[in-house]
1. Dividing the convex hull volume of the Cα atoms of the stretch 92-203 by its residue count, what figure in Å³ per residue is obtained?
2. To the nearest 10 degrees, how steeply does helix 217-230 sit against the main Cα axis of the chain, on a 0 to 90 scale?
3. Cut-off 10 angstrom, C-alpha nodes, Gaussian network model of the chain. Which of Ser286, Ser120, Ser75 fluctuates the most?
4. Take the cross-link list Lys185/Lys260; Lys51/Lys114; Lys124/Lys183; Lys94/Lys171 and give me the ones stretching past 25 Å between alpha-carbons.
5. Percent of accessible area on the chain owned by carbon and sulfur, 1.4 Å probe?
6. Which one of Leu177, Leu135, Gly321 is farthest out on the positive end of the charge dipole of the chain, using unit charges on Cβ (Lys, Arg +1; Asp, Glu -1) and the Cα centre as origin?
7. Using +1 at the C-beta of Lys and Arg and -1 at the C-beta of Asp and Glu, which of Gln122, Gln87, Pro266 has the Cα lying farthest in the positive direction of the dipole of the chain?
8. Give me the distance in nm between label points sitting 7 Å out from Cα along the Cα-to-Cβ direction at Lys260 and Arg338, one decimal.
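The values are calculated or read from the model by the stated rules, or taken from the named source; none is laboratory data. Treat the numbers as computed from the prediction; the structure is a model and nothing was measured. Glycine gets a Cβ as well: all are built from the backbone with ideal geometry, and neighbour counts include every protein chain shown. Keep in mind that these areas ignore ligands, DNA and RNA; they rest on the heavy atoms of the full protein, side chains included. Shrake-Rupley method; radii C 1.70, N 1.55, O 1.52, S 1.80 Å.
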Amino acid sequence: MTCFKSATSGLAILLLSGVVAGCATVPAELPAEEQSKTSVEQKTYEARVAKLVQQDPLFALLTAEIASQRGDIYSATLAYTEAAKQQQDPELAKRAVEISLAEGQLELALTAAKVWVELSPQDKQASQSLLLLQLGTNQVDDAMPALKAYLNEVKKAEDSNPGLSGMSVEKVALDLLMRIPDKPKAYRTALELFGNDPANVEAQTLLAQIAHASELHAQAVGHMENVVQRLPQERFYVLMAQFMEKRDNNPEAAMAMIDKKAQENPNWFSARLYLARNHTQLQQWSQARSRFAEMIALQPDNLPLYSSQGFVLTQLKDYEGAQKHFRTYLDKTPPADRQN
């Protein structure tokens, strides 16, 4: 950190007064007239903080730390960001980002991150922090150049060492795009980045999950239909069934599809688990009993299944069978591992 001159009194009381009075926080939503007035007051306050930092940077930052500890994140971030600009010190901007992020103040962190990147353009941590904050504050258009560049880097690394990182470009993109609060915007961004080629299984899976998060359930199911046509795997069918439930606002069609696939594939455990859970929620106890019995046959060492089957048998008034399954669960499960 840059060395600062010794502290003097000056305007340093400004930040402390803001802390004590609690008047230096970012204003909430107000009518237009009040917003205009608040904006003027905010700019005046920012100018005073800038002057304070210029006159006595060390004391200003010490006071900023006190402000952050007392919850006045706005004043603390403002002081550190202003000091970073004046001192040309990226570490101060980084600290401003840390302070605001600790309290979930993304807009404040974004402003500080921009200064951090300006002062240290080669710092990957700074650039990635700015990218994440732009996405997290719906600044997607501003983030697109960096987002595309970052995904290209991931793809090059994946192509150079397939499977080494364990993260495909689609998985990385999913994590980043799901940070965008505007979910329909996230879905449109995914389409822009990856297109909508039905033959691209990875991209279709990504689009399906983002469409589901955006409550575009018909599109989510459509993407998964493209996936299972090329990769008819159990996990994809179960995922599609979950999306179908949301699309139809009931599980009937989804359960019928999974039931058919379960009959065709006797070793599909997750499909049976999906059905068993739904039958239980619908209080379809006979069907639930059959599915749990099938799963126990597939995975006899999966002890929680015995507890679940015991509950189902209790609902069917098969108390002898329920007792047998509960006893198996209790005898083989350590007390610390037992589920309520």
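1. Details: hull volume 12.3 nm³, N = 112.
Spread over its residues, the Cα hull of the stretch 92-203 gives 110 Å³ apiece.
2. For 217-230 against the chain, the angle is about 60 degrees.
3. So, out of Ser286, Ser120, Ser75, the one fluctuating most is Ser286.
4. In this structure, Lys185/Lys260; Lys124/Lys183; Lys94/Lys171 exceed 25 Å between Cα atoms.
5. 50 percent
6. Final value for the positive-end residue is Gly321.
7. Working it through, the farthest residue towards the positive pole turns out to be Pro266.
8. 4.4 nm
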